[in-house]
1. Taking the range 296-324 as the search range and keeping residues that are without any contact (Cβ under 8 Å) to a residue 40 or more places away in the chain and outside any strand (DSSP E or B), which one is most open to solvent (accessible area, probe 1.4 Å)?
2. Within the range 274-295, track down each residue that is crowded, with 18+ Cβ neighbours inside 10 Å, hydrophobic (A, V, I, L, M, F, W, C) and either out of contact with any strand residue (DSSP E or B) (no Cβ under 8 Å at 6 or more places or on another chain) or in a strand (DSSP E or B) (or both).
3. Scan the range 498-513 and give yes if some residue there is over 20 Å from Pro292 (Cβ atoms), open to solvent by 20 Å² or more (accessible area, probe 1.4 Å) and either acidic (Asp, Glu) or part of a strand (DSSP E or B) (or both), otherwise no.
4. Give me the residue from the range 420-442 that is of a type in the set (Ser, Thr, Tyr) and either modelled with pLDDT under 90 or buried (at least 21 other Cβ atoms within 10 Å of the Cβ) (or both) and, out of that set, nearest to the chain's Cα centre (by Cα).
5. Of everything in the range 350-379, what is in a loop (DSSP other than H, G, I, E, B) and surrounded by fewer than 22 Cβ atoms within 10 Å (Cβ to Cβ)? Give them in sequence order.
6. Show the residue pairs that are 6+ apart or on different chains and have beta-carbon atoms under 7 Å apart, the first residue being within the range 469-489 and touching a residue at least 60 places away in the same chain (Cβ under 8 Å), the second being of a type in the set (S, T, N, Q).
Amino acid sequence: MDLLQSSYTPDDEDDDEQQPLSSPDASPLRLPAKSAAPAVDDTALALSAAAASTSRPLDPSLHLVPFNPTADQLWAPVLGPQHPHAPISSASGNRNHKLGHVEDAAVLPFLFDEQYNTFHRFGYAADPSGLHIVGDAQPSAEPDTVYNLAPSEHKRRRLQSKDEEGANQEPLPPEAKNPASDEWILRNKQSPWAGKKEAPPAELTEEQRQYAEAHAAKKAEKEARGEGKGEKSDMVAKSTFHGKEERDYQGRSWITPPKDAKASNERCYIPKRCVHEWVGHTKGVSAIRFFPKYGHLLLSASMDCKIKIWDVLESRTCMRTYMGHSKAVRDISFSNDGTKFLSAGYDRNIQYWDTETGQVISTFSTGKVPYVVKLNPDEDKQHVLLAGMSDKKIVQWDMKSGQITQEYDQHLGAVNTITFVDNNRRFVTSSDDKSLRVWEFGIPVVIKYISEPHMHSMPSISLHPNSNWLAAQSLDNQILIYSTKERFQLNKKKRFAGHIVAGYACQVNFSPDGRFVMSGDGEGFG
């Protein structure tokens, strides 16, 4: 107060006379207003006020929103306060979907199928919690499912449901018994995938009766022959000669090679163009074989159940057709002199033919499908037949006696090829089990087993003219070369690739002089 009393303020600068503050006529002292509080930013206050104004829910009738609304505003109720016990699917809760929160539920497929089939079969099922039974029909005791009911109970319930349906079914109107009425069509309409129902036996005409009797007699005759059951078929084998004459003026047979034909070719060349096409089979050709040594005739086996032999050098026409198999022919093989050949068909028969006359000399069968047939190349063993069967066996027959003399049973799949090596003392077989096995002829013991993880099935194997190498057509689009020596090693430096054979049983072979390797291709190339 002393400080305030000692201070003074001039009232008028022009007035030279000063008056003391203690004078009653003097005016009170006035100081400028000051605040000790810090300065306040009005912008933050304005924003907080705006936020308070925007906490209200949005009006659905608005066409323009001047600010970014929050999720709470978007999902807040238009009228009334927010629900105090809002579910977890609300906007303020844990949301993983635009409509709320979705939780994963795990149900074992077996349990789901069990309850699903039970509901559709019996009319009730257990809810996912397993505490209640849902459905129109309620079980009288412990609920059973379709998987824990005995077969007799299934049958009883099925008969019971049929009886209940028959009791509750109303009698049919007369129109429903007339097939020409719309009512009958609506009641008997079926899905296109529904099974055929046997119609009531109708009166057959005379022509239909004769046809049915002929069909039944033909079927009985076929069953009597045992066709389709692995037994030998009594189909009459026949052949047709298409040439001009079977013997010339000198008495030589039509299979005799021309005098200018050579038994061996000194040098072979890569073909440049197509020389001729032989057309005569109506289905695919499964195997072709040239006449031994001279190659003036070509034998072909087809899926049309026929075998044809063609002239290669002169007329280039079909000389004879052999018909003896009731199903497709799988493989053929000439004897050493070409006067006879073997054929294997999907009718499970192996037939030994006379090439010149077309007669079947003998027939062999084990009840399984033969995939490959081969005669022993030795001149004194031309009566020994080897056949690779679909039941994983190689069967050896003595054609003179017609008896099976040996069985080679080590493969794990159908046998595809048989190739004689080492002066015909051994033979190599390939199979669908992706392996090669070497056998001693006459001894059913594997002396060499070749199987690697990278190996594929080899449906065709050919022997080199010098008998030192084997060319195997592998289904991984390459040709592999194996040695025929003691170890039967793979020659890794000789590998032929670039063709497509995966999935196809394309054949492979050498040229007569051994310089070239030939193979088919799955895309139609050679």
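The values are calculated or read from the model by the stated rules, or taken from the named source; none is laboratory data. What you are looking at is a predicted structure, and each value in this text was computed from that prediction instead of being measured. Note that each Cβ is placed from the backbone with ideal geometry, even for glycine, and that neighbours are counted across all protein chains shown. Areas reflect the complete protein model, heavy atoms only, side chains present, ligands, DNA and RNA absent. Shrake-Rupley method; radii C 1.70, N 1.55, O 1.52, S 1.80 Å.
1. Met303
2. Across the range 274-295, the qualifying residue is only Ala287.
3. no
4. To start, the set of residues in the range 420-442 that are of a type in the set (Ser, Thr, Tyr) comprises 429-431, 435.
Those still in the list that are either modelled with pLDDT under 90 or buried (at least 21 other Cβ atoms within 10 Å of the Cβ) (or both) too: 429-431.
Details: Thr429: 28, Ser430: 24, Ser431: 21 Å.
The selected residue is Ser431.
5. Applying the first criterion (in a loop (DSSP other than H, G, I, E, B)) to the range 350-379 yields 355-359, 365-369, 376-378.
Across the range 350-379, the qualifying residues are Glu356, Thr357, Gly358, Gln359, Ser365, Thr366, Gly367, Lys368, Val369, Asn376, Pro377, Asp378.
6. From residues that are touching a residue at least 60 places away in the same chain (Cβ under 8 Å), the pairs are Thr484/Ser467; Thr484/Asn468.
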